[in-house]
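Quick notes on the structure that follows.
The values are calculated or read from the model by the stated rules, or taken from the named source; none is laboratory data. These numbers were taken from a predicted model, which means no experiment stands behind them. Cβ placement follows ideal geometry from the backbone for every residue including glycine, while neighbour counts extend to all protein chains displayed. All accessible areas refer to the heavy atoms of the entire protein, side chains included, with ligands and DNA or RNA removed. Shrake-Rupley method; radii C 1.70, N 1.55, O 1.52, S 1.80 Å.
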Amino acid sequence: MIKWKSVSRMGDRGILIEFPHEISEKTLQTILDAKSTLLKLDLEQKVEITNTYNSILISYPSTIRDVYSELNIVSKALRTTNISKNLNKRIFKIPVCYEAEYAPDLEDVAALKKMKKDEVISLHSTPEYLVYFTGFLPGFLYLGGLDKKIAIPRKDTPRKIVKKGSVGIAEDQTGIYPQESPGGWQIIGRTPLDFFNVKNEIPSPFIAGDFVQFYPVSNSEYLQIKEKVKNGIYEFEIVKSNG
């Protein structure tokens, strides 16, 4: 049975399901199984279902007519949902250039951590990062799994402009800026890939439960891949695993 903390009304157009306040693969698996069940429910309206690290929001397009009935349907569904044993892995391999032109904070991060830059790069590009959810910007991935040895606070003064594709770290997370925007993460590299494109049938290929693994590329490799992306001939490298 799914374990949750509460199921409650969220304004007049939403239902909020809260789970234990921990960030873990086990909690995410619980949330994904719950989402899968909720998507099959016959609710009074066609809804949108989104998640964070510890919650699910069911969003209705208009005011919920019978809140009590909807809360009962959702609660009953959660009580009859079984938890899967493992996530079925899709691992996206993401090229990142860590050279100085694309990594304005890498040297500072290495100095603060008393490491060589190559050590930081190795620690950053080794893990398989779990995609918990997307948000902040369209296509921005919230990733878990950063090595604690390179966890570092956000910048004291955020940049007004962070380049599209910039790869940063902040606290115990790493992330990729899918478009140019302000930002306060420590930028240690850049990827030439497109993480959100409204022209594509599916604007972003990532979903919660996917994994991301970075791999270092040289500047010349970065430019070659960027040209392929520009011409629409680059395909994400995806490795599938049963977890």
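Annotation for Glu221 and Leu123: the two label points, set 7 Å from Cα along the Cα-Cβ direction, are 2.2 nm apart.
Given the chain, what whole percent of its Cα pairs are spread farther than 27 Å?
Working: 12542 of 29403 pairs.
Percentage above 27 Å: 43.
Counting helices only, and only those DSSP H runs with n ≥ 4, report the 222 nm mean residue ellipticity of the chain as the sum of -39,500 (n - 2.57) divided by its residues, in deg cm²/dmol to the nearest 500.
Numbers: 5 runs with 55 residues, N = 243.
The helix-only estimate for the chain comes to -7000 deg cm²/dmol at 222 nm.
Estimated at 0.36 nm per residue, the fully extended path between Asp12 and Glu235 surpasses their Cα-Cα distance by 76.1 nm. Compared with the dominant principal axis of the Cα atoms in the chain, helix 67-79 is inclined by about 70°.
Kirkwood-type hydrodynamic radius, segment 26-125: 17.6 Å, calculated from all non-identical alpha-carbon pairs.
Ignoring any ligand, DNA or RNA, what whole percent of the accessible area of the chain comes from carbon and sulfur when the probe is 1.4 angstrom? Present the calculation step by step, with values, prior to reporting the outcome.
Numbers: 6620 of 13310 Å².
About 50 percent, which is the carbon plus sulfur part of the accessible surface.
Within the assembled protein chains, the solvent-accessible surface assigned to Ser204 is about 20 Å², based on a 1.4 Å probe.
Could you tell me which of the pairs Lys93/Lys164; Lys89/Lys116; Lys164/Lys226; Lys93/Lys116 are separated by over 20 angstrom between their Cα atoms in the structure shown? Result: Lys89/Lys116; Lys93/Lys116 exceed 20 Å. With each label modelled as a point 7 angstrom along the Cα→C-beta vector, the Arg65-Thr37 pair spans 2.6 nm. Checking the cross-link filter: which lysines have an alpha carbon closer than 21 Å to that of Lys40, excluding same-chain neighbours under 8 positions apart? Within the straight-line limit of under 21 Å, Lys40 reaches these lysines: Lys3, Lys76, Lys85.
Accessible area per residue, 1.4 Å probe, Å², for the chain: what's the number?
Details: 13310 Å² over 243 residues.
Averaged over the residues of the chain, the accessible area is 55 Å².
Note on Glu22 and Asn200: the model spin-label points, each 7 Å out from Cα along the C-beta direction, lie 3.4 nm apart.
How much length, in nm to one decimal, is gained on full extension between Gln45 and Ser181, taken as 0.36 nm per residue of separation minus their Cα-Cα distance? Mind dumping the intermediate values first?
Details: separation 136, 0.36 × 136 = 48.96 nm, distance 3.52 nm.
Going from the current span to full extension adds 45.4 nm.
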